[in-house]
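A quick write-up on the structure given underneath.
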Amino acid sequence: MNDEHKTRTVGIDLQDSEESRALVDAIEEDNPDAEISRMPGLVQIKSTRELVIRRETVEQRMGREWETHELQVHIVSYSGNIAEWYDDEIVIKWENWRPPVWGVQSSDRGATTPQV
Amino acid sequence: MAKGKLPMRERYRLLTRDLDWTPTYVKPEDVYPYTRYEGIKIHDWDKWEDPFRLTVDSYCKYQAEKDKKLYAVIDGFAQGQGHLSLTDARYVNSLKLFLCGVTPLEYAAHRHFAYLARHLDGAGGRFAALCQSIDELRHAQTETHTISQYNKYYGGLHNFGQMHDRVWYLSVPKSFFEDGISAGPFEFLTAISFSFEYLLTNLLFVPFMSGASFNGDLATMTFGFSAQSDESRHMTLGLEVIKFMLEQDEANVPIVQDWIDKWFWRGYRLLGLVAAMMDYMLPKKIMSWKEAFELYMEKQMLEGLFPDLEYYGIRPPRHIQQAITEKEYMSHQVYWILYQFSHAANFNTTVPPREELDWMSEVYPDTFDRHYRPLWERARDLQEQGKRFFFNGLPMLCQVCQIPMGFTEPGDPSTICVRTSDFRDERFNFCSDGCKWIFDREPEKYVQAWLPVHQIYQGNCGGSTIPEVLNWYGFADGDGGEYLTSPDKLNWDKWHTGAVVGGA
């Protein structure tokens, strides 16, 4: 099972625009393993396990204040699961690595990724 | 974060939990009467999570920003005669398919999410549905605005509402969506939010939007990006609602599994039209249907999503294997149907130019040269002899997906697949095991299908001759038929040899 999980990727597709360039730079900085590719009009960022977008890094790159909600203007698609969306960061990752406990949200039962 | 502003999480909680109340002098089931009869058990609606944590102020702010950006591009494109920089007028056929097939579904989605925004028990779900309802209306409007500039110069776009309701091939998307909205709220969410907007979204988006980008259609590309930015929220809703149902009660698992099985196949069959458009209607190709299917379905969904759902006891959709087998030939089979019947459609078809046939030989090495290239070369020969082939009869339709019965036995592209079921002393026909399985689960529903061919024979479509039916469809001269002799092609050639656009 675990071997299978290692190949599961998450990703996000952003519009290729002047503004999202700083965003892409910030994502690259916070996710050193991420792979970036381009299609006309699109920047596609892929990563195994998870992708993090941090407000502080984006603000440094943009040179202005930035709300995580602003991602909505740039996002085109994603693959995976939006696990967290807070004021300071957004995390995209697959959640379930252990059997479910019925009637309990995954976040409450402490779903975690296995240690590799 | 601005100083003095509450954290996002707290604002969202205040909106979706604190503003809500529990009725005391009316029973909850009287206030929300539609969320119990499907058998889905919900114990705690507060467990509904919306990772976007949208509030009214941020929703309005960002949606307004998206619209401003979009309309600046649409105006610029129209003012600069952007349609003249397309790769070819043939590309516009994909817009005809989109406007008549997809835009009315956006409007239907707007209406049904408005219903959910009233009828879900939990305030979190109701607010997410309200936002999506407004999104879908925005999509219907912006798509209409974006494509309306083409309506000044090209055929087939002038009557899309009526066409959606009446034209034979448009009963495929129409009946798909009406199957969803006539189901209960949880099944609808599984059908549209999860199966269509999460599982299959990239297979719809990439062909149309990257197709627009590759073929010089800046306006549609920009509209597409603008809509997709909402779509990411809809995908999230789809995934959350599935997890919510699965986590609330173990008894929900088999019900949800059945719906996933049904709606995967319903959505996949509908995308047959998209597959054909992707491989045949785009003069400049992005990737083949086969490659898109491998990347977005096999890689992202089967390897990414389904291991996540496996923990709840959910397995990949029944009949997925057949879809995998069909990736080698589905687009060719659907476009061959469209080619033969485009005299009764609102778009033009033609035999692909030689270099496109070569491309298909390359990307479909196992099937194209053997089964489809000879077909197209024969069709071209006939055309060159002045005998362009159109099928002069009405096809048998699948009772469930409503596509003419042109699909073949899985793995055998030379034998047409026919499945049947008997119900109340009548025989019903299906294009595949998937569609038969869907019928057999709910025969009482699908015997009511409005099948265009049956309706024509029953005299409900304007008359008994083809011209009468086409008139009832709302077609104008040149809307359908062969592309090479179409008004679109003739105008295009004129405009590119110096004639005044819009002139006689």
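Just so it is clear, none of the values below were taken in a lab; they were calculated from the coordinates. Predicted model only: the values in this text are computed from it and were never measured. All Cβ positions, even for glycine, are placed from backbone atoms using ideal geometry, and neighbour counts span all protein chains on display.
May I ask for the percentage of alpha-carbon pairs in the protein assembly as shown that lie more than 47 Å from each other?
Working: 27020 of 191890 pairs.
The proportion of pairs with Cα distances above 47 Å equals 14 percent.
Of B:Lys327/B:Lys445; B:Lys69/B:Lys152; B:Lys96/B:Lys174; B:Lys41/B:Lys61; B:Lys66/B:Lys174, which sit over 26 Å apart, Cα to Cα? If you can, show how the numbers build up before the last one.
Details: B:Lys327/B:Lys445 29 Å; B:Lys69/B:Lys152 23 Å; B:Lys96/B:Lys174 15 Å; B:Lys41/B:Lys61 36 Å; B:Lys66/B:Lys174 28 Å.
Over 26 Å Cα-Cα: B:Lys327/B:Lys445; B:Lys41/B:Lys61; B:Lys66/B:Lys174.
Going by a ≥ b ≥ c, the root eigenvalues of the Cα gyration tensor, does the stretch B:392-495 fall in the rounded group (a/c under 1.5), the prolate group (a/b larger than b/c) or the oblate group?
On the way: a/c = 3.09, a/b = 1.67, b/c = 1.85.
Oblate shape, in that a/c is at least 1.5 and b/c is the bigger or equal ratio.
Just checking the output field for B:305-314: average partner chain Cβ neighbours within 10 Å of each residue's Cβ? Please report the intermediate quantities before stating the final value.
Working: counts 5, 0, 8, 9, 1, 3, 8, 5, 2, 0.
Average neighbour count from other chains, rounded to a whole number: 4.
Tilt of helix B:92-101 relative to the longest C-alpha principal axis of chain B, in degrees (0 to 90, nearest 10)?
Once rounded, the angle reads 40 degrees.
How high is the relative contact order of the stretch B:1-146, in percent, counting Cα pairs under 8 Å that sit 6 or more residues apart?
Details: 83 pairs, mean separation 45.7, N = 146.
For the stretch B:1-146, the relative contact order is 31 percent.
Which of the peptides B:469-475, B:90-96, B:19-25, B:258-264 is most tightly packed, and how do the rest follow, going by the mean number of other Cβ atoms within 10 Å of each residue? It would help to have the intermediate numbers written out before the result.
Numbers: B:469-475: 19.6, B:90-96: 25.7, B:19-25: 8.3, B:258-264: 22.6.
The most tightly packed comes first, giving B:90-96, B:258-264, B:469-475, B:19-25.
Enter the angle in degrees (range 0 to 90, nearest 10) between the Cα long axis of helix B:330-341 and the first principal axis of the Cα atoms of chain B, meaning the one along which they spread out most.
So the inclination is approximately 60 degrees.
Can you order the peptides B:76-86, B:195-205 by their average number of other Cβ atoms within 10 Å per residue, highest first? Before the final figure, lay out each step's value.
Details: B:76-86: 15.5, B:195-205: 22.9.
Final packing ranking: B:195-205, B:76-86.
Along the Cα→Cβ direction, 7 angstrom out, place labels at A:Asp88 and B:Met396. What is the inter-label distance in nm?
6.6 nm
Return the average number of partner chain Cβ atoms within 10 angstrom of each residue Cβ along peptide A:79-92.
Values: counts 11, 5, 10, 10, 1, 1, 9, 5, 9, 3, 0, 2, 1, 1.
Mean number of neighbouring Cβ atoms from other chains: 5.
For B:Arg111 and B:Val418, compute 0.36 nm times the residue count separating them, minus their Cα-Cα distance, and round to one decimal in nm.
Residue separation times 0.36 nm, minus the Cα-Cα distance, leaves 106.9 nm.
What angle, in degrees between 0 and 90 and rounded to the nearest 10, separates the Cα long axis of helix B:103-119 from the longest principal axis of the Cα atoms of chain B?
10 degrees
Using only helices, what value at 222 nm comes out for chain B when you add -39,500 (n - 2.57) per DSSP H run of length 4 or more and divide by the total residues, to the nearest 500 deg cm²/dmol? Walk me through the numbers before you get to the answer.
Details: 24 runs with 263 residues, N = 504.
Value at 222 nm, helices only: -16000 deg cm²/dmol.
Once the piece of chain linking B:Ala476 and B:Asp57 is laid out straight, how much longer is it, given 0.36 nm per residue of separation minus the C-alpha distance between them? Walk me through the intermediate numbers first.
Numbers: separation 419, 0.36 × 419 = 150.84 nm, distance 4.55 nm.
Contour length minus the Cα-Cα distance gives 146.3 nm.
Mind running the shape call on the stretch B:160-204? Use the C-alpha gyration tensor, a ≥ b ≥ c as the square roots of the eigenvalues: rounded below 1.5 for a/c, prolate if a/b tops b/c, oblate otherwise. List each step's numbers first, then the result.
Numbers: a/c = 3.20, a/b = 1.52, b/c = 2.11.
Here the stretch B:160-204 falls in the oblate category.
Which order do the peptides A:48-55, B:42-49, B:143-150 come out in when sorted by mean C-beta neighbours inside 10 angstrom, highest first?
Values: A:48-55: 19.1, B:42-49: 17.1, B:143-150: 20.8.
Averaged packing, sorted descending, gives the order B:143-150, A:48-55, B:42-49.
Take every residue in peptide A:33-43, count the Cβ atoms of other chains within 10 Å of its Cβ, and give the average of those counts. Don't skip to the end; give the middle numbers.
On the way: counts 0, 0, 0, 0, 0, 0, 7, 7, 10, 7, 0.
Shielding by partners across A:33-43 averages 3.
List B:Lys284, B:Lys436 from most exposed to least, where exposure is judged by having the fewest other Cβ atoms within 10 Å.
Working: B:Lys284 14, B:Lys436 21.
Final ranking by Cβ density, sparse to dense: B:Lys284, B:Lys436.
Hey, got a sec? Which chymotrypsin sites (Phe, Trp or Tyr not before Pro) in the stretch B:397-457 land in a DSSP loop and have at most 15 other Cβ atoms within 10 Å? Can you show the working numbers first?
Working: sites: B:Phe407, B:Phe423, B:Phe428, B:Phe430, B:Trp437, B:Phe439, B:Tyr446, B:Trp450, B:Tyr457; in loops: B:Phe407, B:Trp450.
Within the stretch B:397-457, the qualifying chymotrypsin sites (Phe, Trp or Tyr not before Pro) (loop, at most 15 other Cβ atoms within 10 Å) are B:Trp450.
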